[in-house]
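A short reminder: the numbers here are calculations on the coordinates, not readings from a lab. From a predicted model like this one, the values you see are computed outputs, not experimental measurements. With ideal geometry, Cβ positions are generated from the backbone for all residues, glycine too; neighbour counts draw on all protein chains shown.
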Amino acid sequence: MNPINIASPQFKANPYPIYAQLRAESPVHRIMLPSKQPAWLVTRYDDVVAVLKDERLVKDRTNAMTSEQLGKQPWVPGFMKPLARNMLDLDAPDHTRLRALVHKAFTPRLIEHMRERIERLTNELMDTAERKGSIDLVRDYALPIPTTIIAEMLGIPAEDHHKFNRWSNMMVNTASAIDMVRLIPAMYRFIAYLRGCINQRRADPQDDLISALLQARENDDRLSEDELLGMVVLLLVAGHETTVNLIASGSLALLENPDQMAKLRGDPTLIKSALEELLRYTTPVQNATERYASQDITLQGVTIPRGELVFAVLASANRDENQFENPDVMDITRENNRHLAFSNGIHYCLGSPLARMEGQIAIQNLLRRMPNLHLATARDSLRWRGGLVVRALEKLPVAV
Ligand code: HEM
């Protein structure tokens, strides 16, 4: 096979034929990342589930690497170290502890409380779109929904949303070591700002997620300030980078499958199964985040050496012909849709109820309010952002 650069915009434009080839010919496949680090792609559905559940594949590199391997890891400034102590980058028992504590705060009541707000917000964005006649669906609709909602849930004052958005965008769009160095002063200000919010909520608790996280307790245990900071940044990144792509890529998938779009318009009660199909078909988080082999691990006859990086390719699993009938066909009435868009195992997406609610409302209101929705550019002029984990349209110009 030709070398694969899974982070390039060209690959992102249509990775599916390559995943199909990998599943058939090389289901555990070694590649080189642009950083020159080797990584393993696991692409079959059953193997992806096995990887996500395998305790020998760990998230915290100190649990996997030899001291020599650890010595070669990139330098991280001291003030940013708390960010690495977030639950997505930790294993049991640290992960178990943090997840139990956040569960106390990230409650179904808190999420359900946002329903009316998401409805109102999508309608406001639609009002503006109607006035303009054409919009970039990414910037003007898909992005403001999850970013506004997570900022409001956390309790970030409305007047700070713009700088909060700028900081978090900078953080999640860092692609290279040079970007990383440029990022340091902005990160410093961002972390100082968040610590300020945390201290304010400690002194004067409100009805928001930061206050709830400060109060969360489990058997005399609670989050330290650094852990709370790591958690807030994780929620923020997860809230910024994922749902936007579900709404944008999902809208594109509907535009490209007009029969499915018409079916959903004709029967809005299909929205639940339609959203699950959009999650499967577009898989916004294409690869689960890094896992490291804590010992040599053999899978499909291939040995992954200790310390090496493994990607469970959720996007490929979601198109596996041994799991899904006609996997490349989008069918909004698909039954028994056991997709892996939210991962599996102990790191299964904590925000999935919120993401589903945002996605359902955003897509439903888009179709209801915009009966003439269509692409305002040639399909082959659409560009995808580079990056290892998510698949993200740069822009989606549409006319309404
Ligand atoms: C369509 C939207 C979303 C998708 C596709 C998605 C997908 C994922 C995936 C695949 C993982 C696991 C990664 C892995 O196993 O390596 C994950 C974890 C996580 N997600 Fe989401 N996510 C979405 C939205 C959200 C939202 C809105 C939030 C919260 C605001 C959120 C919070 C989290 C957290 C905290 C974790 C870490 C859980 C843990 O380590 O136990 N996600 N998400």
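Things worth noting here:
- Magnitude of the charge dipole for segment 261-388, about its Cα centre and with charges confined to Cβ atoms of Lys, Arg (+1) and Asp, Glu (-1), is about 540 debye.
- Residue order, fewest to most surrounding Cβ atoms within 10 angstrom, among Met261, Met1: Met1, Met261
- Spin-label model, Val302/Lys104: points 7 Å from Cα along the beta carbon direction are separated by 4.3 nm.
- Kirkwood Rh and Cα Rg combined as Rg over Rh, evaluated for segment 99-215: 1.02
- Summarising the amide proton neighbourhood of Arg291: residues at separation of 5 or more, or on other chains, whose placed amide H is nearer than 5 Å comprise Val310.
- Nonlocal Lys pairs with alpha-carbon distance under 27 Å, the chain (8 or more apart, or different chains): 24
- Phi-based couplings in Hz for segment 267-281 (Karplus 6.51, -1.76, 1.60; Gly and Pro marked x): 9, x, 5, 6, 4, 5, 5, 5, 5, 5, 5, 5, 4, 5, 6
- Order by protection proxy (mean Cβ within 10 Å, highest first), peptides 238-247, 143-152: 238-247, 143-152
- Helical mean residue ellipticity (222 nm; -39500 (n - 2.57) per DSSP H run of 4+; nearest 500) of the chain: -15000 deg cm²/dmol
- Dipole magnitude (debye, nearest 20) for the chain, charges at Cβ of Lys, Arg, Asp, Glu: 640
- Footprinting exposure proxy for Arg23, Arg385 (fewest neighbouring C-beta atoms within 10 Å first): Arg385, Arg23
- Segment 378-387 - phi-based ³J(HN,Hα) in whole Hz, Karplus 6.51/-1.76/1.60, Gly and Pro as x: 5, 3, 7, 8, 6, 10, 10, 6, x, x
- Most simply put, the chain has about 85% antiparallel DSSP beta bridges, counting only bridges with both residues inside it.
- Euclidean distance between Cα centres, segment 25-61 to segment 83-105, Å: 22
- FRET efficiency, 1/(1 + (r/R0)^6) with R0 25 Å, evaluated for Asn63 and Tyr188 via beta carbons: 0.30
- Scalar couplings 3J(HN,Hα) for segment 20-35, obtained by applying the Karplus form with A = 6.51, B = -1.76, C = 1.60 to θ = phi - 60°, are 4, 5, 5, 4, 7, 10, 8, x, 10, 10, 8, 10, 10, 7, x, 6 Hz; x denotes Gly and Pro.
- Label-point separation, Arg369 to Met170 (7 Å along Cα→Cβ), nm: 3.2
- Zero-based 10 Å bins, Cα pair distances in segment 9-399, whole percents: 4, 22, 32, 27, 13, 1, 0
- Cα→Cβ-extended label distance, 7 Å offset, between Lys263 and Gln295, nm: 4.7
- Residues of segment 315-331 falling in the label zone of Ala50, defined by backbone nitrogen less than 20 Å from a point 7 Å along Cα to beta-carbon, are 315-324.
- Per DSSP, loop GluC sites (Glu not before Pro) in segment 1-71 with at most 16 further Cβ within 10 Å: Glu55
- Extension reserve of the Lys272-Lys163 stretch, reckoned as 0.36 nm per residue once the Cα distance is removed: 35.8 nm
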